[in-house]
Structure formats: structure tokens, C-alpha cells
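What follows is a set of notes on a single structure, which appears directly below.
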Amino acid sequence: MKVQPWFRAISETTQSGLSIERAKLSPLIALRGAAGVAVIVLLTLWAGSPELAVASAFGAFSSGVATFQRSWRPRPVLALCAAAGLGVSTFVGYLAVPYPPVFVLLLSVWAFASGMAWGLGPTVGVVASSTVACMLVTTTLPTTILGALAHTALIAAGGCVQAALIVLFPVRPWGERRDALADALAGVADYARRLRHDPSAPFDPEPLMQARSAAAVSPRQARRRPRQLGGYRGLAERFRPVLASLADPVVGAPMVGRERERVRELLAAAATVLDATARAVRRGERVRLPEDALEVLQVPETGPVLNGPARKAAMRLIALTEDAVDAAQEPVEVTRSLPLIPRATWHMPARPDSVEDGDVYVDPDAEREQVRQPRHLNQPSLTGLLPVAVRTFRRELRWSSAVCRHAVRVTAVVAASYVLGRILPPEHGYWAPLTAVMVMRPDFSRTYSRGVARIVGTLFGVGLAGTVTVLLHPAPYESAGLAVVSIGCMYLLMRTGYAITSACIGAYVVFLLGIAGSLWSQTVLERIWLTALGGALSMLSYALFPAWETPQLRDRLADWLSATGSYTIAVLDRFARPADTAAGPTGTPGPGHPDRRVREALLDTRAARQEWDQSATRAGAEPVRHRGRLSRRSASEAQSALVTMGRVTMLMEAHLPDRDAEPSPGAAEFGKALEARLPDAVASVREDRPLDWGPVHDALSRWWEREADRPSPSVALRSADLLADALEDLAEGTAPK
């Protein structure tokens with residue numbers, strides 16, 4: 001990559017932090033979260049004191065924020081876990097705050113643990129950061145040990161209120177899981193439309209990965225889960241290779257002619273079916289399809305138009321589209337709301353021995369059985385996550401880990417800003433470390449963008465709240481009401497941008513402290529410059545003690561190559577030994593259903609690609625030199641080669657042979673050659689050495705010689721030829737410059 005100076009990097013991250021995104025608003029959920037804050041604040045203000053109201057408000061507010069994080073855990077559980085963490089941090093903070101050195105040590109340990117918590121995911125990281133903020137805020141309120149217990153109980157009560165409201169007033173149950181599954185179906189539909197015009201169009205696996213994460217449920221949730229969510233995420237997965245195989249001109253139909261027109265018609269009709277199914281899943285209703293799409297998804301009365309592998313892919317696509325619609329129907333009625341594809345029109349071979357050359361028999365009944373008998377992905381319990389957390393902590397507790405370096409940065413900044421806050425004259429000096437802990441993230445771009453957004457948003461929010469305070473002079477109950485309105489706006493607009501979120505939080509703090517009688521002039525000025533101090537220290541810490549993603553790009557690329565190569569080898573092994581097919585979900589290895597090894601390799605490939613995408617995005621915003629690293633051009637070429645490698649493997653996966661098919665010696669030799677060269681290739685990418693795929697090309701040449709007498713090369717051989725070209729492109733892209 002080219003050298004990117006600091007001022008340019010900061011300019012880009014500033015624009016990112018101040019940008020406003022269009023997001024789907026959930027007013028009812030925001031109203032419910034604001035009601036949870038209102039209940040606990042007004043009750044403590046009425047029955048207790050303004051100080052208790054301030055303390056309880058923080059618990060309800062932070063627990064509400066936890067429920068808005070992207071997590072597939074039940075929302076009440078998130079609220080209760082956040083409340084427990086906030087309560088514990090409050091009480092231990094009260095025990096240590098009378099002894100400043102002890103409290104600084106405790107704060108440092110707590111900040112380090114919250115930084116390490118980011119290794120478990122962003123949701124855990126946000127909740128852990130809020131516990132540090134709670135410790136900083138509530139310990140400034142003078143009280144006794146019994147008072148500390150009361151504050152702890154009230155903070156925990158705030159989370160309990162939020163959890164109770166979620167249970168009592170559910171808003172669109174299973175809504176996020178419905179959205180995740182619908183997005184996956186819509187993503188496959190968009191892929192089908194793009195394939196009509198570009199047979200090599202890339203596919204974004206992110207929606208399918210999100211749908212898989214959303215499908216993980218506990219046994220109790222599995223019993224309550226709607227039928228639409230229980231059986232056909234895997235069906236969306238099976239569409240992808242079939243669509244790609246049908247559209248590809250090498251293994252499918254030619255680019256011009258009647259067959260290509262038929263392929264475009266099928267792709268458009270499949271996209272229509274998938275979009276209608278996604279809409280039905282999102283809304284929880286029955287599928288409604290246009291008749292013209294149903295007519296296309298039938299074999300024409302004049303007879304089949306496609307031949308060979310393209311015909312096999314088309315027949316499988318017809319079966320999959322009916323399965324998608326059938327799986328989305330809620331069992332409200334026994335009969336279907338509209339006719340689907342008559343089985344009599346499929347013109348499928350009656351027996352496997354009548355299949356034409358180049359085809360693989362597809363049993364529609366076996367494919368539908370996969371939908372009718374779904375299996376759910378088990379979601380571990382909270383106690384089951386403890387060993388995972390311990391292993392993650394041990395894995396990340398090393399100097400080269402970005403998470404560990406983030407934890408060290410958070411610890412140093414929080415401790416230093418807290419000491420500065422105690423030395424400086426402002427009463428609310430804790431706002432500087434509070435800003436730091438809420439702004440800092442493990443990567444450069446998010447830390448800087450959030451720091452700028454926090455400063456600008458706070459400036460606007462406290463300025464607006466200060467103006468309202470000057471004009472209205474609100475009483476305690478009126479200040480509480482304004483604070484609730486501010487936090488309701490934050491819940492509503494949280495996903496639109498961090499600057500807006502910071503503005504709402506700034507106004508919320510001004511009104512909340514107004515309950516306890518703090519002067520608006522002091523509150524506004526202190527909030528602004530202490531927030532700026534905390535944000536500046538956060539950004540300075542990353543400049544002095546960075547954890548750049550750029551040096552990690554080669555490792556991420558090597559991991560992606562290793563995962564994709566394993567995926568390719570697993571698919572080739574199926575062609576080499578079709579009789580060794582592992583049992584599918586129903587106990588039988590139905591055609592088109594990859595065995596466990598292929599499936600796990602595919603999931604590893606997606607995870608490795610996601611890691612690469614995230615690292616490449618972060619590295620692109622970093623102002624560092626790239627000595628001996630991948631240049632931007634090399635990274636782009638290598639990424640294109642690996643995407644092609646994955647797509648070609650997907651094409652082969654769409655044509656996996658039946659158990660009774662003849663083994664392919666060429667696929668076996670080619671797979672062994674690739675398996676033998678893969679470890680050295682991965683090491684070469686890491687160490688910036690040239691890649692040598694000579695033995696793989698030799699095996700491919702011998703495979704061509706084996707099939708020289710065939711009328712046309714097999715799908716596996718044609719795909720392997722494309723695969724060899726992708727490997728050569730990868731070698732050229734990563735060659736030392």
C-alpha cells in the first residue's frame with residue numbers, strides 16, 4: 001500500500017465518526033428501554049434521594065444499552081448479566097475508593113479485564129467497558145458501606161426492570177432471527193440476479209454467516225422457535241453452488257444461445273421465489289408468488305432446453321425453489337395457499353440408472369426430507385461460556401495480541417486520566433477516564449472515529465441541554481423527565497452513528513446531574529473539556545502504543561489460503577472416493593449434501609475470509625509504512641485469486657458425485673498434489689517467498705491425458721483447470737516485489 005500520512009488517516013476516520021447512517025428504527029423497543037429508565041429513576045427520586053436516583057439511572061441506562069447490542073442471546077439475559085456486572089463493579093469500587101492508591105490499582109485491574117473481554121466479542125467488550133464507567137461514576141457519590149449496598153441493589157434493580165419489561169412487553173419476538181434468515185435469502189436472491197449478467201459475480205457470505213449464528217438456540221428455544229426459522233437456513237446454503245454452477249459458462253450453459261436465455265430465466269425466477277420467501281419469513285406470513293415465476297420453474301412443454309451438467313443444475317434449482325417455499329409456509333392450514341411446482345412437470349429420471357451422461361441423480365423427496373426434519377445448532381449456556389472465556393483469555397494474553405495491547409492501552413489511559421482528574425480542580429474529573437474507556441477500541445480506525453464523534457457529539461448535546469436548562473430552569477422531576485427523553489432518543493437513534501449517540505448521552509448526563517442540583521454552567525463546561533481530554537488521551541495512546549493490522553495481512557491471507565485449500569481438497573476427495581460419503585443430517589448421504597468434512601471446511605473458509613476482510617479494511621485506514629508487507633495492489637490481486645479459488649470449489653461442490661459413481665483417479669492425484677504443496681504455499685505467503693505450484697500443474701496435465709478420449713471433459717476437470725489458473729494468479733499477486 002502507499003504511504004498514508006497521519007493527517008489523511010485522521011481526516012478519513014473523522015469523516016467516518018461524524019457520518020450518519022440510515023438505519024431501521026425501532027421506536028417501540030426504544031420506548032420500552034426509556035420506560036425502564038423512567039421507572040427506576042422516578043421511583044428512587046420519589047422514595048429516596050437525588051443521589052440514589054442518579055446511581056439507579058446509570059444501572060437502568062447501561063443495562064438498556066446492553067440489550068441493544070448485536071447478540072443472539074435473549075435480551076432479558078443480557079440485561080441481567082449487565083446489571084450483575086455493574087452491581088459488582090459498584091460495590092468493590094465503593095470498598096476501595098476511600099484508599100486512592102488501592103482504588104487506582106483496582107481500577108487498573110478492572111480496566112485491563114474489560115479490555116481483554118473484547119476477545120470474546122464486541123457485546124461482551126461493550127458491557128465490560130460499561131462496568132468500568134459505572135465504577136467511576138457511582139463511587140463519586142458519598143455514602144457508607146450500607147449505602148454502597150443500597151446503590152448496588154438499585155443498579156441491579158435497574159437491569160431487572162429492563163429485563164422484566166422485555167418479558168412483559170415483547171416487541172416482535174424472534175424478530176432479529178427472522179431478519180437474519182431473511183437477509184440470507186435476500187442475499188442469495190441478489191446473487192442470482194447478478195449472475196444473470198455476470199456469471200463470475202462474487203458472493204458475499206456475510207448474511208449466511210449471520211444466519212448461522214442466529215440459528216444457534218438452546219433446547220428450550222428450539223421447542224418454541226417458529227417453524228419458518230427451524231429448517232431451511234441450510235436450504236439457502238444449497239442454493240449458492242447450484243446458482244453458480246447453472247450460470248458458469250465453463251461447467252454450465254454457453255454464454256450465448258437458447259440455453260443461456262433459459263438460464264437467465266431460471267435465475268430471475270429463482271430470485272423472485274427467494275425474495276418472496278424472505279419477505280414471508282421477515283413478516284411471519286405465508287408466501288405469495290407471482291404465477292409467471294412458477295411457470296418458469298417448470299420444464300417447458302416442448303421439452304428440456306438444457307443438457308448435461310446445466311440440466312442437472314436446473315433440475316436441482318427447481319427442486320430447491322419448491323423446498324424454499326414449502327419450508328416458509330406456517331402450518332396455519334393443511335392446504336397450501338397457492339399451487340407450487342407440480343412434481344409431474346419436473347421430468348426427473350425415474351431411477352439412477354436412467355440418468356444421462358454428465359448428470360447426477362437428484363431425489364427430490366430426499367432433499368425435502370432435509371427440510372422437514374431440521375436440526376438446530378446448540379447455543380451454549382452462560383456457564384458453558386466460562387471455559388471458553390478462560391481459553392480466550394489465555395490465548396490473547398501475549399504481547400503480539402491486538403486484544404492484549406488494547407487492554408494495556410485502556411489500563412494506562414484510564415489510570416492516568418483518573419489521576420489527572422483528581423489533581424485538576426473540576427468536580428467531575430472522572431469524565432475523562434469514563435470517556436476514554438467508552439471510546440477506545442482494539443483498532444485504530446474505530447478508536448479515532450469514536451473519539452472525534454464523542455467530542456463533537458458531547459459538545460452539541462451538552463450545549464443543547466445547557467440551553468434548555470437556562471431557559472426552563474427544570475425542577476428535579478422535570479430534569480428526570482428530560483433525562484428520560486434524552487435516553488429514549490439515544491435508544492432510538494443508536495444505530496445511526498456514534499456522534500448522535502454521544503449527543504444524546506451528553507444531554508442525558510446534564511439533565512441527570514441537574515436532578516442532584518449541579519449547576520448547569522459547571523456541568524456543561526466540565527463535560528466538554530474533560531470529554532475532550534479523555535478522547536485526546538485515547539487517540540494519543542494509540543499513536544504511542546499501536547497495534548497495527550497492516551503487519552498481520554500476510555498472516556490473514558495465509559490463513560485464508562489454508563482454509564480455502566482444505567475446502568478444495570475435501571471436495572476433490574469426494575470425487576476421488578464417492579463411496580466414502582459421510583452421512584447427512586437425516587442419516588443418509590443424499591445427493592448434493594456435502595459430508596461433514598466439506599461442510600466444516602466451507603465454514604472455516606468463510607471465517608478466514610471474514611478475518612481477512614476485517615483486517616484489510618482496518619489496514620486501509622492506518623497511517624503506517626508497509627515495509628515488506630503486501631501492497632494494496634498485491635492484496636487486491638491475492639484476494640481476487642482466493643475468491644476465484646473458492647468460487648471454483650463451490651462449482652465442483654454443486655456437482656458432487658453420488659455414492660455409486662465411479663472414482664476419479666485424476667481428482668485423487670490432483671487433490672494429493674494440492675495437499676502436498678499447500679503447507680509450503682501457506683508458509684511462503686507468510687514469509688514473503690515465491691509460490692511454486694509446479695506439481696499441481698503436472699497432476700492437472702496427467703488428468704487431461706486420462707480424459708483425452710472422452711467426448712467432453714468432466715465438470716471436475718474443467719473446474720480444476722480454473723483452479724490452477726487461480727493458484728497461478730495468487731502466486732503472481734504475492735510474488736516478492
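The values are calculated or read from the model by the stated rules, or taken from the named source; none is laboratory data. These figures come from a predicted structure and were not determined experimentally. Cβ sites come from the backbone with ideal geometry, for glycine too, and all protein chains shown count toward neighbours. All accessible areas refer to the heavy atoms of the entire protein, side chains included, with ligands and DNA or RNA removed. Shrake-Rupley method; radii C 1.70, N 1.55, O 1.52, S 1.80 Å.
Worth pointing out:
- Per-residue ³J(HN,Hα) for the range 616-623, Karplus 6.51 cos²θ - 1.76 cosθ + 1.60, θ = phi - 60°, Hz, x for Gly and Pro: 5, 5, 5, 5, x, 9, 8, x
- Accessible area (Å², 1.4 Å probe, nearest 10) - Ile515: 10 Å²
- Positive minus negative residues near Leu45 (Lys, Arg vs Asp, Glu; Cβ under 12 Å): -2
- Relative to the longest principal axis of the Cα atoms of the chain, the long axis of helix 233-247 makes an angle of roughly 50 degrees.
- The order of Leu530, Leu52 by accessible area, most exposed first and with a 1.4 Å probe, is Leu52, Leu530.
- Among residues other than Gly119 with Cβ under 15 Å from its Cβ, the summed charge is +4 (Lys and Arg +1, Asp and Glu -1).
- MRE, 222 nm, helices only [DSSP H, n ≥ 4, -39500 (n - 2.57), over the chain, to nearest 500]: -23500 deg cm²/dmol
- Other residues whose C-beta falls under 12 angstrom from the C-beta of Thr496 contribute a net charge of +2, scoring Lys and Arg +1 and Asp and Glu -1.
- Surface share of carbon and sulfur [accessible, 1.4 angstrom probe, percent] for the range 1-144: 72 percent
- Solvent exposure, largest accessible area first (probe 1.4 Å, DNA, RNA and ligands not counted), of Trp110, Trp399, Trp693, Trp704: Trp399, Trp704, Trp110, Trp693
- A probe of 1.4 angstrom, applied to the heavy atoms of all protein chains, finds Val161 with accessible area near 30 square angstrom.
- Given charges at Cβ of Lys, Arg, Asp, Glu: the chain dipole, positive-most of Gly463, Ser502, Val437: Gly463
- Take every pair of alpha-carbon atoms less than 8 Å apart whose residues are at least six positions apart; their mean separation over the length of the range 132-291 yields a relative contact order of 30 percent.
- Relative contact order for the chain: 17 percent, from Cα pairs under 8 Å spaced at least 6 residues apart, divided by residue count.
- Exposure ranking of Ile500, Ile40, Ile20 by accessible area [1.4 Å probe, largest first]: Ile20, Ile500, Ile40
- Evaluated at q = 0.10, 0.14, 0.17, 0.22 Å⁻¹: base-10 log I(q)/I(0), Debye formula over Cα of the range 26-161: -0.31, -0.60, -0.86, -1.27
- Taking the C-alpha atoms only, the angle from helix 520-544 to the longest principal axis of the chain is near 50 degrees.
- Mean separation of Cα contacts under 8 Å, 6 or more apart, over the residue count of the range 476-565: relative contact order %: 25 percent
- Acute angle (nearest 10 degrees) that the helix 402-423 long axis makes with the longest principal axis of the chain, alpha-carbon atoms: 10 degrees
- Surface composition of the range 623-734: carbon plus sulfur atoms hold 45% of the accessible area, using a 1.4 angstrom probe and ignoring ligands, DNA and RNA.
- Rh by Kirkwood over Cα pairs, then Stokes-Einstein D for the chain at 1.306 mPa s and 10 °C, µm²/s: 56 µm²/s
- Note that the chain presents 43 Å² accessible area per residue, ligands and nucleic acids not counted, probe 1.4 Å.
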